[in-house]
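Participant: Encoded as structure tokens, here's the structure I'll be asking about.
The values are calculated or read from the model by the stated rules, or taken from the named source; none is laboratory data. No experiment lies behind these values; they were computed from the predicted model shown. Because the Cβ atoms are built from the backbone with ideal geometry, glycine has one as well, and the counts that use them run over all protein chains shown.
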Amino acid sequence: MPVEHGVNAVAGPVSRRFEGKVALVAGGGRTPPEAGNGIGVGAATSMLLAREGCRVAVLDRDVDAANRTVKSIAETGGEAIAIQADVSVDADCARAIAEVQDAYGTLHALLNTLGITRSRRSVTQFVDEEWTAIMEVNVRGFMLTAKHAIPLMTEGGAIVNVSSADAVVPSHGNATFAASKGAVNSLTRHIAVREGYRGIRANAIMPGAMWTPIALTKLGTAVGADKKELPEAEREAVRRQRRQITATQTEGTAWDIAHAAAFLASDQSRWITGQVLMVDGGASVIAPWDVQNKPARTVADSTLHFVD
């Protein structure tokens, strides 16, 4: 009988490569699961790390979201705690790391998976309040989590920052968001250089077009407008178009980013630091005029199987 695949956990071999390790996933909360909306990067990363033997501290401003991720981890036999914190607040970050220390005594990996965007405004549509809000979370937040996490990483470790393809291949809107993610790339390289003597590595991931809950508002928002959810009737057509613009003609999911993040956080990448990895199905290397000219994909997209 064929197996029905869902979107909540990824099947495959378990290496237990994070056995004995502790990770903090900032932005690890899970939005309420809804059919067709996918899963976010933070939740997927937290669940994958736990599945590989890691003890995970799931940090989110929304404690209910953090608890949903913890519940998903516990249901599959993993270990995790929920931490409520606003990463743009220094005292919150200090308290969060203290909670990790109280619970687990140490920290081996920090994964900053969060990021916000308010609209798709260009430079000429600049709104000062929006700049402040986005920079506070997307840049200051990454700085503050690292500031407090690094002293607890006494055995060395890894920092993985989730940036965005917008940092180097910007869209028509999202000027502030693109600037914030460019700053994340630079911050990541600085941490790699400055903290290498502690045995700490730092790398960033630039996700391309993925199907996650946040994609619904990003895709539904017109340039120059505030966020608006993509109507359900338009979703499948938009998803087909997004698959077409990649080299692999496939759509990314949060699990694609989670697997890249897990590798960069693991000892398997011990000699990789200061790098910014594009994970976008090859969309960034295709010439715009060639998108319609490439042959249709002939191999089914069966490389990842998802199960509830």
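Participant: For region 219-233, indicate whether the set of residues that are touching a strand residue (DSSP E or B) at 6+ places or on another chain (Cβ under 9 Å), farther than 26 Å from GLU99 by Cβ and without any contact (Cβ under 8 Å) to a residue 60 or more places away in the chain is non-empty.
Facilitator: Checking region 219-233: not a single residue is touching a strand residue (DSSP E or B) at 6+ places or on another chain (Cβ under 9 Å), farther than 26 Å from GLU99 by Cβ and without any contact (Cβ under 8 Å) to a residue 60 or more places away in the chain.
Participant: Still on this structure, please answer the following. Hey, does region 25-46 have a residue that's crowded, with 24+ Cβ neighbours inside 10 Å, in contact with a helix residue (DSSP H, G or I) (Cβ under 8 Å, 6 or more places away or on another chain), part of a strand (DSSP E or B) and touching a residue at least 60 places away in the same chain (Cβ under 8 Å)?
Facilitator: Yes, because at least one residue in region 25-46 is crowded, with 24+ Cβ neighbours inside 10 Å, in contact with a helix residue (DSSP H, G or I) (Cβ under 8 Å, 6 or more places away or on another chain), part of a strand (DSSP E or B) and touching a residue at least 60 places away in the same chain (Cβ under 8 Å).
Participant: I'd like to check something: does region 121-130 contain any residue that is on the phi < 0 side of the Ramachandran plot, assigned to a helix (DSSP H, G or I), touching a strand residue (DSSP E or B) at 6+ places or on another chain (Cβ under 9 Å) and surrounded by fewer than 24 Cβ atoms within 10 Å (Cβ to Cβ)?
Facilitator: Scanning region 121-130 turns up at least one residue that is on the phi < 0 side of the Ramachandran plot, assigned to a helix (DSSP H, G or I), touching a strand residue (DSSP E or B) at 6+ places or on another chain (Cβ under 9 Å) and surrounded by fewer than 24 Cβ atoms within 10 Å (Cβ to Cβ).
Participant: Could you tell me which numbered condition ARG194 fails, if it satisfies all but one of (1) farther than 29 Å from ARG121 by Cα; (2) in a strand (DSSP E or B)?
Facilitator: Failed condition: (2).
Participant: Which one of the conditions (1) buried (at least 21 other Cβ atoms within 10 Å of the Cβ); (2) touching a helix residue (DSSP H, G or I) at 6+ places or on another chain (Cβ under 8 Å); (3) over 30 Å from THR106 (Cβ atoms) does THR221 fail to meet, given that it meets all the rest?
Facilitator: Tallying (1) buried (at least 21 other Cβ atoms within 10 Å of the Cβ); (2) touching a helix residue (DSSP H, G or I) at 6+ places or on another chain (Cβ under 8 Å); (3) over 30 Å from THR106 (Cβ atoms), THR221 fails exactly one: (2).
Participant: Within region 67-78, is even one residue of a type outside the set (Val, Ile, Thr) and within 18 Å of ILE214 (Cα to Cα)?
Facilitator: Yes.
Participant: Identify the residue in region 171-191 that is more than 15 Å from the chain's Cα centre (by Cα), over 23 Å from VAL123 (Cα atoms) and in contact (Cβ under 8 Å) with a residue 40 or more places away in the chain and, among all such residues, is surrounded by the most Cβ atoms within 10 Å (Cβ to Cβ).
Facilitator: Among them, the one singled out is ILE191.
Participant: Sticking with this structure for a sec: Among residues belonging to region 147-181 that are among the small types (Gly, Ala, Ser) and assigned to a strand (DSSP E or B), point out the one that is nearest to SER119 (Cα to Cα).
Facilitator: Among those that are among the small types (Gly, Ala, Ser) and assigned to a strand (DSSP E or B), it is ALA158.
Participant: Residues in region 62-87 that are buried (at least 22 other Cβ atoms within 10 Å of the Cβ) and part of a loop (DSSP other than H, G, I, E, B): how many?
Facilitator: Here the count works out to 2.
Participant: Tell me whether region 233-249 contains one or more residues that are in a loop (DSSP other than H, G, I, E, B), touching a His at 6+ places or on another chain (Cβ under 9 Å) and over 18 Å from GLY42 (Cα atoms).
Facilitator: Among the residues of region 233-249, not one is in a loop (DSSP other than H, G, I, E, B), touching a His at 6+ places or on another chain (Cβ under 9 Å) and over 18 Å from GLY42 (Cα atoms), which makes the answer no.
Participant: Now for a different question. How about region 197-218: which of its residues are polar (S, T, N, Q) and either out of contact with any helix residue (DSSP H, G or I) (no Cβ under 9 Å at 6 or more places or on another chain) or assigned to a strand (DSSP E or B) (or both)?
Facilitator: Answer for region 197-218, where residues must be polar (S, T, N, Q) and either out of contact with any helix residue (DSSP H, G or I) (no Cβ under 9 Å at 6 or more places or on another chain) or assigned to a strand (DSSP E or B) (or both): ASN203, THR217.
Participant: Can you tell me which residue is farthest from MET278 (Cα to Cα) among those in region 153-170 that are in contact (Cβ under 8 Å) with a residue 60 or more places away in the chain and under 13 Å from the mean Cα position of the chain (by Cα)?
Facilitator: Ranking the candidates gives VAL160 first.
Participant: Then there is this: Return the only residue of ALA262, ALA215, ALA209 being touching a strand residue (DSSP E or B) at 6+ places or on another chain (Cβ under 8 Å), surrounded by 15 or more Cβ atoms within 10 Å (Cβ to Cβ) and closer than 23 Å to ILE39 by Cβ.
Facilitator: ALA209
Participant: I'd like the full set of residues that are among the hydroxyl-bearing types (Ser, Thr, Tyr) and at pLDDT 90 or above, limited to region 164-180.
Facilitator: SER164, THR176, SER180, listed by residue number.
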